[in-house]
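Taking it in order: structure first as structure tokens, then the write-up.
The values are calculated or read from the model by the stated rules, or taken from the named source; none is laboratory data. On a predicted model such as this, the values are computed, not experimentally measured, just so you know. A quick note on method: Cβ atoms are made from the backbone with ideal geometry, for glycine too, and the neighbour counts reach across all protein chains shown. Heads up: the accessible areas ignore ligands, DNA and RNA and are worked out on the full protein's heavy atoms, side chains in. Shrake-Rupley method; radii C 1.70, N 1.55, O 1.52, S 1.80 Å.
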2 protein chains.
Amino acid sequence: MTAKLTEAERAELLPTLDGWKHDAARDGIAKRFTFDDFVGAFGFMTRVALLAEKADHHPEWSNVYNKVDILLTTHDADGLSMRDIELARAIEKLA
Amino acid sequence: MTAKLTEAERAELLPTLDGWKHDAARDGIAKRFTFDDFVGAFGFMTRVALLAEKADHHPEWSNVYNKVDILLTTHDADGLSMRDIELARAIEKLA
């Protein structure tokens, strides 16, 4: 069981993430990434997929042409956990 | 400008597609593909991405772990066109 982040942890960690918004309905964090075209968007997705598989922590995501919407939440924790913060940070390094 | 399918064309073509449902709200066709795990799902997405880029016709799609939801519609036609039917057929050959 992965621990859900406490209020104090959220207050500290969420402002450190660039452009990720808290999704209250899902208790996750979400961000849209926009690229020049489909090749840019899917190339990014491929790199995220490799990170996610390595971390054994997978995004909920969608793609329409040059846009990729990512939502990170932790099913085991029934909400936001440190694993989401870590995956968001790793994704930022790719984007 | 790509032509939207006529009622007669829809009546003929849609029943030939395995498991694709007409999405009336978007005037597109949609199907969920389920795999053993994320690697199976993303591997499939990668193969679809290459087909889509080659056809210059891209899906609207989402992925959650082992599931991939695909919606095909043609923005140029403001609805379902032959390009969607052809891409659906090509995807079926991969799945």
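Taking (1) open to solvent by 70 Å² or more (accessible area, probe 1.4 Å); (2) under 20 Å from residue B:65 (Cβ atoms) in turn, residue A:34 satisfies each apart from (2).
Quick one: is residue A:70 out of contact with any Ser or Thr (no Cβ under 7 Å at 6 or more places or on another chain), farther than 17 Å from residue B:69 by Cα and hydrophobic (A, V, I, L, M, F, W, C)? Judged against the criteria, residue A:70 is not a match.
The residue that is nearest to the other protein chains (Cβ to nearest Cβ), among those in the range A:15-53 that are hydrophobic (A, V, I, L, M, F, W, C) and in contact (Cβ under 8 Å) with a residue 40 or more places away in the chain, is A:48. Consider residue B:57 carefully, then state whether it is open to solvent by 10 Å² or more (accessible area, probe 1.4 Å) and in contact with a helix residue (DSSP H, G or I) (Cβ under 8 Å, 6 or more places away or on another chain). Against the criterion (open to solvent by 10 Å² or more (accessible area, probe 1.4 Å) and in contact with a helix residue (DSSP H, G or I) (Cβ under 8 Å, 6 or more places away or on another chain)), residue B:57 qualifies.
Report yes if some residue within the range B:63-73 is within 11 Å of residue B:30 (Cβ to Cβ), of a type outside the set (D, E, K, R) and either open to solvent by 50 Å² or more (accessible area, probe 1.4 Å) or facing chain A (nearest Cβ under 10 Å) (or both); otherwise report no. Within the range B:63-73, one or more residues are within 11 Å of residue B:30 (Cβ to Cβ), of a type outside the set (D, E, K, R) and either open to solvent by 50 Å² or more (accessible area, probe 1.4 Å) or facing chain A (nearest Cβ under 10 Å) (or both).
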